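The values are calculated or read from the model by the stated rules, or taken from the named source; none is laboratory data. Fair warning: this is a prediction, and the values are worked out from it, not measured in the lab. Here the Cβ is made from the backbone with ideal geometry for all residues, glycine too, and neighbour counts use every protein chain on show. Ligands, DNA and RNA are stripped out before the accessible areas are found, and what is left, the full protein with its side chains, is counted by its heavy atoms. Shrake-Rupley method; radii C 1.70, N 1.55, O 1.52, S 1.80 Å.
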Amino acid sequence: MIGIVNYGAGNLGSVMNALKRLGVPARFAAGPEEFVLSKTPFEKIIFPGDGHFATVMESLKHSGYDQALREWISAERPFLGICIGLQLLFEYSEEAGYMADSNSTAGAVKGLGVLKGIVKRFPGRKVPQIGWNQTSHMPDSKLFRGMPENAFFYYIHSYYADPADDSVTAAETEYYVRYCSAVEWGNLAAVQFHPEKSGTAGLKLLENWIQM
């Protein structure tokens, strides 16, 4: 059984529909208490959605999902983050008060911080990036196993993750800069694009994650 983190964001239904197409049992989590390791009904969880870094983080703190997610990931339980679900894994974001030019965290909203690094805004004027873009994956990536190089996925975002440790990067994409568009670290995986909106390639990636 896969649990989908339900914190009030949009796009949750499309993730559920993609899992149904794969014939995978899944449901929305009733609350963070369902992620308590000793009594969870879930084998894996997906954290999808979109939104503002600070607003979503505030929602997670208010509901208690923030600590529940940290504990789940710390216990090396399978986790997949989608879009904002990737960005919030990092420490800070330029969308939420972090000043990259001065490396200042004064007044910045802290993310889940399970991965070292920050989230930056694209330097170009044409943001957000909306639409299909090629995604170049690492040869040993389990998420992209059996998939062609430079497969197209659907993106919509103005900020991108910049990991402190390049070894967690599972894929890269170019939009003004070459940036990290997927991460893998043990049983943790996350993608900047929306696999649930990416047709056959997206379903294949979800299937790969389920089988990891």
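When only residues in region 116-125 that are open to solvent by 40 Å² or more (accessible area, probe 1.4 Å) and touching a residue at least 40 places away in the same chain (Cβ under 8 Å) count, which is nearest to Glu174 (Cα to Cα)?
Filtering region 116-125 for residues open to solvent by 40 Å² or more (accessible area, probe 1.4 Å) gives 116, 120-121, 123, 125.
If we keep only those that are touching a residue at least 40 places away in the same chain (Cβ under 8 Å) too, we end up with 116, 120, 123.
On the way: Lys116: 22, Lys120: 14, Pro123: 12 Å.
Checked region 116-125; the qualifying residue nearest to Glu174 (Cα to Cα) is Pro123.
Of the residues Tyr179, Tyr160, Tyr155, the single one that is modelled with pLDDT of 95 or more, over 28 Å from Met1 (Cβ atoms), part of a strand (DSSP E or B) and in contact with a Cys (Cβ under 8 Å, 6 or more places away or on another chain) is Tyr160. For region 69-115, a residue qualifies if it is among the small types (Gly, Ala, Ser) and surrounded by fewer than 22 Cβ atoms within 10 Å (Cβ to Cβ), and the qualifying residues are Ser74, Ala75, Gly97, Ala100, Ser102, Ser104, Ala106, Gly107, Ala108, Gly113. For region 147-168, does any single residue satisfy the condition of being of a type in the set (Ser, Thr, Tyr), open to solvent by less than 30 Å² (accessible area, probe 1.4 Å), more than 17 Å from Pro48 (Cα to Cα) and in contact (Cβ under 8 Å) with a residue 12 or more places away in the chain? Checked region 147-168: no residue is of a type in the set (Ser, Thr, Tyr), open to solvent by less than 30 Å² (accessible area, probe 1.4 Å), more than 17 Å from Pro48 (Cα to Cα) and in contact (Cβ under 8 Å) with a residue 12 or more places away in the chain. Does Ser198 satisfy the criteria of being open to solvent by less than 60 Å² (accessible area, probe 1.4 Å), in contact with a helix residue (DSSP H, G or I) (Cβ under 8 Å, 6 or more places away or on another chain) and either at pLDDT 95 or above or of a type in the set (Val, Ile, Thr) (or both)? So Ser198 passes the test.
I need the full set of residues from region 86-140 which are part of a strand (DSSP E or B) and of a type in the set (S, T, N, Q), in order please. Give the steps one after another, and end with the answer.
Of all residues in region 86-140, those part of a strand (DSSP E or B) come to 92-93, 99, 104, 117-121, 129-137.
Those that are part of a strand (DSSP E or B) and of a type in the set (S, T, N, Q): Ser93, Ser104, Gln129, Asn133, Gln134, Thr135, Ser136.
Mind checking which residues of region 1-55 are in a loop (DSSP other than H, G, I, E, B), within 19 Å of Gln211 (Cβ to Cβ) and among the charged types (D, E, K, R)? Scanning region 1-55 gives a single hit, Glu43.
Can you find, within region 169-184, the residue that is least open to solvent (accessible area, probe 1.4 Å) among those that are within 16 Å of the chain's Cα centre (by Cα) and of a type in the set (Asp, Glu)? This residue is Glu184.
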